[in-house]
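What follows is a short report on a single structure.
The values are calculated or read from the model by the stated rules, or taken from the named source; none is laboratory data. Not measured: the values here are computed from a predicted model. Cβ: placed from backbone, ideal geometry, glycine included. Neighbour counts: every protein chain shown.
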Amino acid sequence: MKKIAILTLTLTRGGAERVIANLCNDRLADEYEVTLITCMNRPAGYTLDKRVRFLCLEDTEDVGYTNLTDRFMKRRKALKEVLDECKPDLLLCFLPEPNMLALSLKSRYGFPVIISVRNDPKREYSNKIYYTLMRLLYPKADGYVFQTEEAKDYFAFSKHILEKSRIIPNPLSKEYMDMDNGPVDRKKTIVNVGKLDAQKNQKLLISAFGRIATDYPDWNLHIYGEGNLREELTQLIDELGLTGRVVLEGNQADLKNKIKDAGIFVLSSDYEGMPNALIEAMALGIPSISTDCPCGGPRFLIEDGVNGRLVPVKNEKALSVAMAEYISDKAKAEVVGEKAKNIKKVLDPDLINSKWVDYIEEYLSGN
């Protein structure tokens, strides 16, 4: 049986981490001997198939690196030791630092290395050090997986990267595929799911809701997720007089059953890769609105006006108008929600995971 190693930052709850866990559990563990390696020692947010070997480059959660260079070099040394021991036939990497760690060791090993970009590269490599390392190291990889064409186009400086790349969007989780999609009596609730941070821009959503809150007094906004902007968002809610109508729900177990009968889903992000929260909301048939943010994930998922709405990034007025449109025209919202469910066919996990395995097999067979 061929050996595959996967390198990522953590297995805490997140988009890339969920893709990795689902891929391991649904296909890779059946067909390969899999070792999952994380850079950071953090509690796992996903359960792995017992056949997957799980290793970490750090012994403890509080390592105490002196600086970024110290962190990189110590993790690089630990990764070298792990790869020397597990001897994979292929290494698959997710996210900038794991990609760079693996490629800094590329000349030492003969196995192919596939790297995956999971977010807007213009943001991921805006740091001068990361940008320099990316330009130096990324052309050394054997294969590349992007979620959107827009993300791929960022790397047009390298003909090799473009020629060896594959577009593979995120799959829908099987738990959403199996949910009953019959008629739903939708509540007068707008929902948002995401970390409370600058990228997700819940400030925009709260302010946009504030514009229409008086016109629709029986509608409320519930935001699911946790993050470092909780206090700031709480203050904004209070300043706008929306206390009790905008609720920061925090992290919640069994999220799908808490939002499945929501009236509207809104993604207000400034940038995204392929947003799982939007995918899941559409699969549940929730009429969905998203900012048309880079690097093109929402635009891949939503045909504006057909199965959802796209609004310009950071445009508070356009977002409030889109929400008011769905609130005031229930029939239109229902039609949009029904059409949104078709995302289940496009992002069927069996289909998407097969694309991953087919691409991996190209390199294991000597491409």
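Among what's in the stretch 178-207 and is in a helix (DSSP H, G or I) and more than 18 Å from the chain's Cα centre (by Cα), pick the residue that is surrounded by the most Cβ atoms within 10 Å (Cβ to Cβ). Please lay out each step first, then the result.
Narrowing the stretch 178-207 to residues in a helix (DSSP H, G or I): 202-207.
Keeping just the survivors that are more than 18 Å from the chain's Cα centre (by Cα) gives 203-207.
On the way: K203: 17, L204: 21, L205: 27, I206: 23, S207: 19.
Residue satisfying both the conditions and the ranking: L205.
Tell me which residues, restricted to the stretch 263-274, are crowded, with 23+ Cβ neighbours inside 10 Å and either outside the structural domain of E316 (by TED's automatic domain parsing) or of a type outside the set (S, T, N, Q) (or both). Full working, then the answer.
Let us first name the residues in the stretch 263-274 that are crowded, with 23+ Cβ neighbours inside 10 Å, namely 264-269, 272-274.
Once the filter is applied, which keeps residues that are crowded, with 23+ Cβ neighbours inside 10 Å and either outside the structural domain of E316 (by TED's automatic domain parsing) or of a type outside the set (S, T, N, Q) (or both), the stretch 263-274 yields I264, F265, V266, L267, E272, G273, M274.
Just wondering, is there one or more residues in the stretch 329-351 that are in a strand (DSSP E or B), surrounded by 15 or more Cβ atoms within 10 Å (Cβ to Cβ) and of a type outside the set (S, T, N, Q)? It would help to see each step written out before you state the result.
Here is the first cut: in the stretch 329-351, the ones in a strand (DSSP E or B) are none.
The answer is no; no qualifying residue exists.
Residues of the stretch 288-298 being surrounded by fewer than 24 Cβ atoms within 10 Å (Cβ to Cβ) and in contact (Cβ under 8 Å) with a residue 60 or more places away in the chain, which ones? Please lay out each step first, then the result.
Taking the stretch 288-298 as the starting set, the residues that turn out to be surrounded by fewer than 24 Cβ atoms within 10 Å (Cβ to Cβ) are 292, 294, 296.
Passing the criteria: P294, G296.
Of the conditions (1) modelled with pLDDT of 95 or more; (2) in contact with a strand residue (DSSP E or B) (Cβ under 9 Å, 6 or more places away or on another chain); (3) of a type outside the set (D, E), L255 fails just one. Which one is it?
(1)
Can you tell me which residue within the stretch 152-182, out of those that are among the hydroxyl-bearing types (S, T, Y) and touching a residue at least 24 places away in the same chain (Cβ under 8 Å), is nearest to E124 (Cα to Cα)? Talk me through it step by step, then tell me what you get.
Going residue by residue through the stretch 152-182, those that are among the hydroxyl-bearing types (S, T, Y) are 154, 158, 165, 173, 176.
Subsequent filtering for residues that are touching a residue at least 24 places away in the same chain (Cβ under 8 Å) retains 154, 173, 176.
Numbers: Y154: 11, S173: 25, Y176: 29 Å.
The selected residue is Y154.
Among the residues of the stretch 19-43 satisfying the criterion of being in contact with a Ser or Thr (Cβ under 7 Å, 6 or more places away or on another chain) and in a helix (DSSP H, G or I), which is modelled with the highest pLDDT?
The residue in question is I20.
Residue pairs, Cβ under 8 Å, 6 or more apart or interchain, first in the stretch 45-68 and more than 17 Å from L11 (Cα to Cα), second charged (D, E, K, R) and not in a strand (DSSP E or B). List them.
Listed pairs, sorted by first residue: V63/R71; V63/K74; Y65/R71; Y65/K74.
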